[in-house]
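Undergrad: Next up is a structure, given as structure tokens.
The values are calculated or read from the model by the stated rules, or taken from the named source; none is laboratory data. If you're wondering where the values come from, they're calculated on a predicted model, not measured in any experiment. Every residue, glycine among them, receives a Cβ derived from its backbone with ideal geometry; neighbour counts consider all protein chains shown.
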Amino acid sequence: MNRKKDKGFETPLFLNVLTCYVMFIPHTTHQVVCINNINFQRKSVIGFVELTIFPTVVNLNRIKLNSKQCRIYRVRVNDLEAPFIYNDPTLEVCHHESKQRNLNYFSSAYTAAVSAVDPDAGHGELVIKVPSELWKQGDEMNVLKVYIEFSLDQPKGGLHFVVPDVEGSMAERGAHVFSFGYQNSTRFWFPCVDSYSELCTWKLEFTVDASMVAVSCGDLVETVYTHDMRKKTFHYVLPIPTAASNISLSVGPFEILVEPYMHEVTHFCLPQLLPLLKHSMSYLHEIFEFYEEILTCRYPYSCFKTVFVDEAYVQVSSYASMSIFSTNLLHSAMIIDQTPLTRQCLAQALAQQFFGCFISRMSWADEWVLKGISGYIYGLYLKKTFGVNQYRHWIKEELDKMVEYELKMGGVLLHPTFGGGKDKDNPTPHLHFSIKHPHTLSWKYYKMFQCKAHLVMRLIENRISMEFMLQVFNKLLSLASTASSQKYQSHMWSQMLVSTHSFLKSISNVSGKDIGPLIKQWVDQSAVVKFFGSFAFNRKRNVLELEIRQDYTSSGTQKYVGPIKVTVQELDGSFNHTLQIEENSLKHDIPCHSKSRRNKKKKIPLMNGEEVDMDLSAMDADSPLLWIRIDPDMSILRKVEFEQADFMWQYQLRYERDVVAQEESILALEKFPTPASRLALTDILEQDQCFYKVRQGACFCLAKIANSMMSTWTGPPAMKSLFTRMFCCKSCPNIVKTNTFISFQSYFLQKTMPVAMAQLRDIQNLCPKDVLNFILDLIKYNDNRKNKFSDNYYRAELIDALTNSLTPAISISNEVRTVDNLNGDVRLILEEITRSLNMEKLLPSYRNTITVSCLRAIRMLQKNGHIPSDPSLFKSYAEYGHFVDVRVAALEAVVDYTRGMHRTSPSEVSRTHPIPYVVHKILSMLGKNPPFTKAAESPLCNEALVDQLWKLMNSGTSHDWRLRCDAVNLYYTLFGLTRPSCLPLPELGLVLNLKEKKAVLNPTIKPEQGPDTTEMTGITMGVHIPGLITMETVSSVSMSSGVAPPPQGLKRKLDSVVGPLGSSSPEPGQVLQEEDTSKKFKIRFNTVEEDEIDMESPHDSQAFIHHHLNILERPSTPGKEPPAVDQAVLSLPVTPLPSSFGKESTSSSKHSGDHHHHHHHHEHKKKKKKKHKHKHKHKHESKDKERDSHAFSNSPASGRSARSPSMSD
Amino acid sequence: MIACNDDEKNDEVTVHFLFLKDDRSRSGCGKATSSPAENYQLARRRTLQVVVSSLLTECGFESAEKATVESLTEMIQSYISEVGRCAKAYCEHTARITPTLSDTVVTLNEMGFNVDTLPGYAKRSQRMVITAPPVTNAPVIPKALIAGQKRTHPSHIPSHFPEFPDPHTYIKTPTFREPVSDYQVVREKAASQRRDVERALTRFMAKTGETQSLFKDDVTAFPLIAERPSSIPYLSALLPSELELQTLEETDSSEQDDQTDSENTPVNNLNDDPGADKENSVLLAGSVVPLVKVSEESMIDNPYLRPVKKPKVRRKK
């Protein structure tokens, strides 16, 4: 891999680490991926890849590739059968040292596991031994062709199948499949070198049903029918060198729309959505034009495809010459709120096409450059399309978000450099995960990372000007496109990879400026700056004495030294001052330009040249200062807490034209509940010219102020008369005008005001009756018949307003909530909610926004004790088959419920169809709103939960990096870094470890554990939770199976029980099975009930958590149920070489005979890791592995595998 | 006058018939339920039947079918009615309101009846005397609808002249109520109407289908229509409902200011359904006059619109 050498030149830091690997890494120049069978029924894929490898060293004897999940049938190198081994340490991170339960330990083990297969370091899960006959060829540097046949069965990562359960053919049902993943995840669906820095050209072939379309990267060369005319083969060629990680695929019965302005752009959507697609895509060409213009560079690929899929992993994912979007971004012309969001997603996707897909990164440490540039040019698009106000608002929002995260969690490091001394190995000790690899990052951290990256790009722009910035981008792009047209010469292709070093070099070449300090401060260092500012005015000297202090001791902060801009608005005008923040100087004297003179009536010039009349009566007679702003341009990644008088904030709000300043002053005014603040906010609300988001913010601030001023408040409730004046009929002020929504600013204000008003409280801390009736009237008189826009978002916000108006019920002790004792107002609210929710069933709103709001409202009613707390409603809405927004809202309610630790009943949510996005949401919501934290004692915090969560992150989520990191996050939130306190003292565990290391079967502890913990919970919760009980039975069964090899029958039962949890559509037999179990437990229940009722609360909430975990608990690699024989049969028609059949099927049948040996595998693997020579060459190793992985649960293995021929020679 | 005539005849004619009995009994049954006005009419009609029957006997018939008697009764009734109507018309023609004898005579003459023969006929020997119809309350003439204020006579018209009729008969006739134009009321009404419809509909759906409840004690309070998982949930969530589409069409037809729409429509037609056109373009390749649309279509060179190739025959080697 020559690029490693290149990198060595450019970033010397890497040199010493990497040189040792360079010797072993060959370079792939071309790869063929051919998938010749996609079976939607079985959710399986069969195909082969062929990599053309250019050995850069003599004596190339091993080739390492990345592959996860794939079942590999055979590997041939230049037509010679090659032995291979398959070892994926990330499948199970910590082996049987499982008693550790310590996150520090896990994180380091996980990092080690990921490093062990890191393609950037030349590693991989799949190691192929080059046949010795070819070694000589290596001498002559001839290319090697590595041919790998593989299949995927029910993949859990990499490819996602969506198969709706309705009548009809797959095409009629709208079944589709698409690739997904977080960072480089292509290895999940075909063997490759899964690195962003490994570029090669591609030939992609997909044979699909004639009614389907296969969309992939590159140019569609031709589509050919198969001989039986029932299938089509799509031939794609991608001549531009591209990393495997940027390859994607989606297959489905898509409707096709050719972009009318640019015929090389094609859009695909699911059946029936074409009208929405037409509308949503109607402005894409503008985005294209914008980027091409600012970058002065053509779009690099010869075509572009957008595919809209259901159950998408993320809203937007970009791949070479195509992007996969969530179908939920599509909207019709009637929808207001979604329109800008969809446009933004498109713009993001397109920005990533240039930087991220076409230009790839040299290494993970350079990721920030790509994310930064694509985020930055996306920002430019925002500025151009949505205006400067929106842009500045966005920048402030991103900055605040990032600063908040860093202050809370510790710094975000853009450019981690590893490998100095051993001590400096972990540059971010404050984090509970390693940032060495993208795959170990917490999702939230990665989001903030992207955020910071584009903010830093903006800082660079501030420093060197936008013109130079764009020139740099243009330079990068033109170098890359020159390189891309070259034939394979690795040193040329490396021009298509960007590194921090090369980026900085072009900046200094183009601009001639040294941005070293800036990079050092924000890129090489983590954390942000926290300023505290205050001032005093010295009348004698006519000087402003400004004091700026810094907090650089608390976590996530750093010290800033350098210039800072301060803007002072005086009576005579606005003046910018640049101060130097130095080590010890806190005070800065700023001379004022104007004498105080408030008697003269004169217009006051503002920053933008405008001159305005002001009522100066509020200000201090002696001081000419109107307001002061620190770092107004956000050119430091900082948080500023500045103190100035309330009237100064009010002036700032009224007269400063910058939206950021306005928003800052709104935030500050919350602390000054005075009539003057009220007036200033009301004035802003009424001002049409003011940015609508500022006005929205003013609404909420006004509500807060009104609440603080409760006793002195005069007149009608805040905003009521304002709303009446703006949106109600002139003749009858209690009736709202019929909706038109022609002016979007008014529309957004109209939506927000009721929500803010509902936050008002009277002296009894209730929502004023006036306000509630007002909102109810708004709902009643809402009339959308004459409107060309949909009012779904507006109605949803009105429901939100009702939710906001709720206050805790006056509870009479221990009273059960019934219909009769429902408070009158609540009854009205409930009436509205019921009606709206019911109407949604008949006339569903766009994205079911109203259902979502209603669910939130019902949860709020429960939480406040108006109606009995009961999660069953939410659980039913959380089931598969509802719109994803609804599911997430329902799950949020359930999570919230779990936190409340109420008594709970069944959680069927675990049968959730495993849509990665939804599972991700569950985990992150649990993390955000945890049922307990490490600080607090909780009955939920027990050993079983720890075990379950541990299992989840250890092995249950190996198919999705993001999920695993989510699980780690949750574990961290719940238990912290160290060993959870609820666990017994570790001594016993350590002994156990030692024993296990020796691979001695330890029957005493584990079987005990099974019945003790799991069954106990099982029984207590049994009746309520059939789903859980099955899982529990499964685990106890598998535990007992550890002791003795299970009989075949038992095994089968196990599988069938696991079945319904894993598959979306349980077969009849499986359902029966489950009912049986629940019945069985029902009988038990009768005896337990009375005693157990009190116990229910902790247990049930716990059940919920268990449930979520159980969803994920399925084996990471598929292929457990249908035994290997089946698989072989399946492969029969496709495997091209008949000679291999015999071998294949015999060996696999042999295999199934060997069933009971599989549990020994883990021990085995561990040994293998330690001593390299004990390696399996058997090509069924991978299968072995896969079969095994579902037996990860405590199977104390004997450690000796009877038949495992070794590859070592 | 007609009434007089009738009475005269009734007084003179007296007859009884056997079949009359069931008739009475039948009507007796009906009596209880019928209104005074109906009773009045029934009695008259019955007398007419008696008259017809007696005349038939007079003419020498021994029996008659019921249907015949009915027909004859009908004829005689209509004859008498016509006489009455005409007489009334004559009298009104001469600006009176009560018919006089001469009006009747003229009428009878006009209808081709020789009045001179009437006295003779009335005094014929074999005539039968018929009992007078039972006394029933004369039907209350429903009060004429009084709409508006009747005008009083102007000074030059003596007071004994008839009153002015209702103004609506000669000034104007308001046949509908003035629509409520008060905006507030209209909105109020529309809102409550919509709410009622919605509530009724959802209640109905809730009653007829499965429900979920928020309360354990009272399952019927605030019933929620049970959620039903759909296999393709995004369709209903993303596609606008028919109702919304309808509204959109209405508003669009009224205002054509939507830029994107006007931009899009011609464009969209271009590639409306590529699948169909793909085949068309293949078919039409040899045809003489290619449509404009097809020629534009063929300009779009997009690999996904190209026809699928047939497999090569020799490929399998």
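Undergrad: Report yes if some residue within segment B:181-194 is under 29 Å from the mean Cα position of the chain (by Cα), assigned to a loop (DSSP other than H, G, I, E, B), surrounded by 10 or more Cβ atoms within 10 Å (Cβ to Cβ) and more than 11 Å from chain A (Cβ to nearest Cβ); otherwise report no.
TA: No.
Undergrad: Across segment B:195-212, which residue is farthest from A:V736 (Cα to Cα) among those that are small (G, A, S) and more than 7 Å from chain A (Cβ to nearest Cβ)?
TA: It comes out as B:G209.
Undergrad: While we're looking at this one, here's another question. Filter segment B:203-237 down to the residues that are surrounded by 13 or more Cβ atoms within 10 Å (Cβ to Cβ), assigned to a loop (DSSP other than H, G, I, E, B) and small (G, A, S) and list them by number.
TA: Once the filter is applied, which keeps residues that are surrounded by 13 or more Cβ atoms within 10 Å (Cβ to Cβ), assigned to a loop (DSSP other than H, G, I, E, B) and small (G, A, S), segment B:203-237 yields B:S213, B:A221, B:A226, B:S230, B:S231.
Undergrad: Continuing with the same structure: Just to verify a result, which residue in segment A:843-857, among those that are free of Cβ contacts under 8 Å to residues at least 60 places away in the same chain and at the interface with chain B (Cβ under 7 Å from one of its Cβ atoms), is nearest to A:H331 (Cα to Cα)?
TA: Filtering segment A:843-857 for residues that are free of Cβ contacts under 8 Å to residues at least 60 places away in the same chain and at the interface with chain B (Cβ under 7 Å from one of its Cβ atoms), the one nearest to A:H331 (Cα to Cα) comes out as A:N848.
Undergrad: Would you please list the contacts, defined by Cβ atoms under 6 Å and residues six or more apart or on different chains, that run from a residue in segment A:712-736 that is within 11 Å of chain B (Cβ to nearest Cβ) and more than 17 Å from A:M753 (Cα to Cα) to a residue that is surrounded by fewer than 16 Cβ atoms within 10 Å (Cβ to Cβ) and among the hydroxyl-bearing types (S, T, Y)?
TA: Here the result reads A:S731/B:Y183, each pair linking segment A:712-736 to a residue that is surrounded by fewer than 16 Cβ atoms within 10 Å (Cβ to Cβ) and among the hydroxyl-bearing types (S, T, Y).
Undergrad: Taking segment A:252-275 only, how many residues are polar (S, T, N, Q) and away from every other protein chain (no Cβ under 11 Å)?
TA: 0
Undergrad: Right, here's the next one. Working carefully through the options A:L891, A:L828, A:L855, find the one that is in contact with a Ser or Thr (Cβ under 9 Å, 6 or more places away or on another chain) and modelled with pLDDT of 80 or more.
TA: A:L891
Undergrad: Quick one: which of A:T557, A:T553 is surrounded by 15 or more Cβ atoms within 10 Å (Cβ to Cβ) and within 30 Å of A:E404 (Cα to Cα)?
TA: Answer to the check: A:T557.
Undergrad: (1) modelled with pLDDT of 85 or more; (2) assigned to a helix (DSSP H, G or I); (3) facing another protein chain (nearest Cβ under 8 Å): which one isn't true of B:D261, the others all being true?
TA: That leaves (1) as the condition not met.
Undergrad: Still on this model: Given the residues A:E167, A:E140, A:E133, which is the only one that is at pLDDT below 90, over 32 Å from the mean Cα position of the chain (by Cα) and within 14 Å of another protein chain (Cβ to nearest Cβ)?
TA: Only one candidate qualifies: A:E167.
Undergrad: Further question on the same structure: Out of curiosity, is A:I742 more than 30 Å from A:H393 (Cα to Cα) and not charged (D, E, K, R)?
TA: no
Undergrad: Also, I was wondering about something else. Taking segment A:277-310 on its own, how many of its residues are facing another protein chain (nearest Cβ under 9 Å) and in contact with a strand residue (DSSP E or B) (Cβ under 7 Å, 6 or more places away or on another chain)?
TA: Result for segment A:277-310: 4.
Undergrad: Part of a loop (DSSP other than H, G, I, E, B), modelled with pLDDT of 50 or more and at the interface with chain A (Cβ under 8 Å from one of its Cβ atoms): does that describe B:E244?
TA: no
Undergrad: Quick check on A:Q580: is it part of a strand (DSSP E or B) and buried (at least 16 other Cβ atoms within 10 Å of the Cβ)?
TA: The answer is no for A:Q580.
Undergrad: Where residues in segment A:946-976 are acidic (D, E) and under 18 Å from the mean Cα position of the chain (by Cα), which of them is surrounded by the most Cβ atoms within 10 Å (Cβ to Cβ)?
TA: Among residues in segment A:946-976 that are acidic (D, E) and under 18 Å from the mean Cα position of the chain (by Cα), the one surrounded by the most Cβ atoms within 10 Å (Cβ to Cβ) is A:D966.
Undergrad: Suppose we keep only residues that are out of contact with any Pro (no Cβ under 9 Å at 6 or more places or on another chain) and not aliphatic (A, V, I, L, M) within segment A:145-163. Which one would you say is surrounded by the most Cβ atoms within 10 Å (Cβ to Cβ)?
TA: Step by step, filter segment A:145-163, then rank; the result is A:S151.
Undergrad: Which pairs turn up if I take residues in segment B:223-234 that are farther than 16 Å from B:T208 by Cβ and within 7 Å of chain A (Cβ to nearest Cβ) and look for partners that are of a type in the set (V, I, T) and surrounded by fewer than 16 Cβ atoms within 10 Å (Cβ to Cβ) with beta carbon separation below 6 Å, at least 6 apart in sequence or on another chain?
TA: Once the first residue is farther than 16 Å from B:T208 by Cβ and within 7 Å of chain A (Cβ to nearest Cβ) and sits in segment B:223-234, its partners that are of a type in the set (V, I, T) and surrounded by fewer than 16 Cβ atoms within 10 Å (Cβ to Cβ) give B:S231/A:V166.
Undergrad: Just one of A:N576, A:N584 is free of Cβ contacts under 8 Å to residues at least 12 places away in the same chain and closer than 28 Å to A:E670 by Cβ; which is it?
TA: The conditions single out A:N576.
Per-residue answers, yes or no, for (1) on the phi > 0 side of the Ramachandran plot; (2) at pLDDT 90 or above:
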site	(1), (2)
A:E582	no, no
A:E610	no, no
A:D620	no, no
A:I628	no, yes
A:D631	yes, yes
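Undergrad: Select the helices (runs of 4 or more DSSP H) contained entirely in segment A:601-696, then report the ones holding at least 2 residues which are over 30 Å from A:R541 (Cα atoms) and in contact (Cβ under 8 Å) with a residue 60 or more places away in the chain.
TA: Those helices (runs of 4 or more DSSP H) span A:659-669.
Undergrad: Can you tell me which residue in segment A:484-515 is farthest from A:I240 (Cα to Cα), limited to those that are small (G, A, S) and modelled with pLDDT of 90 or more?
TA: Step by step, filter segment A:484-515, then rank; the result is A:G512.
Undergrad: Additional query: Within segment A:109-122, can one find any residue that is outside any loop (DSSP other than H, G, I, E, B) and farther than 20 Å from A:T440 by Cα?
TA: Within segment A:109-122, none of the residues are outside any loop (DSSP other than H, G, I, E, B) and farther than 20 Å from A:T440 by Cα.
Undergrad: Quick check on my filter: what residues within segment A:220-251 are crowded, with 17+ Cβ neighbours inside 10 Å and facing another protein chain (nearest Cβ under 8 Å)?
TA: Scanning segment A:220-251 gives A:L220, A:T223, A:V224, A:K232.
Undergrad: Would you pick out the residues in segment B:153-180 that are in a loop (DSSP other than H, G, I, E, B) and either of a type in the set (S, T, N, Q) or under 30 Å from A:T738 (Cα atoms) (or both)?
TA: The answer is B:S155, B:S159, B:T173, B:T175, B:F176, B:R177, B:E178, B:P179, B:V180.
Undergrad: Please enumerate the residues belonging to segment A:697-719 that are surrounded by fewer than 20 Cβ atoms within 10 Å (Cβ to Cβ) and closer than 23 Å to A:F744 by Cβ.
TA: The one that is surrounded by fewer than 20 Cβ atoms within 10 Å (Cβ to Cβ) and closer than 23 Å to A:F744 by Cβ: A:F700.
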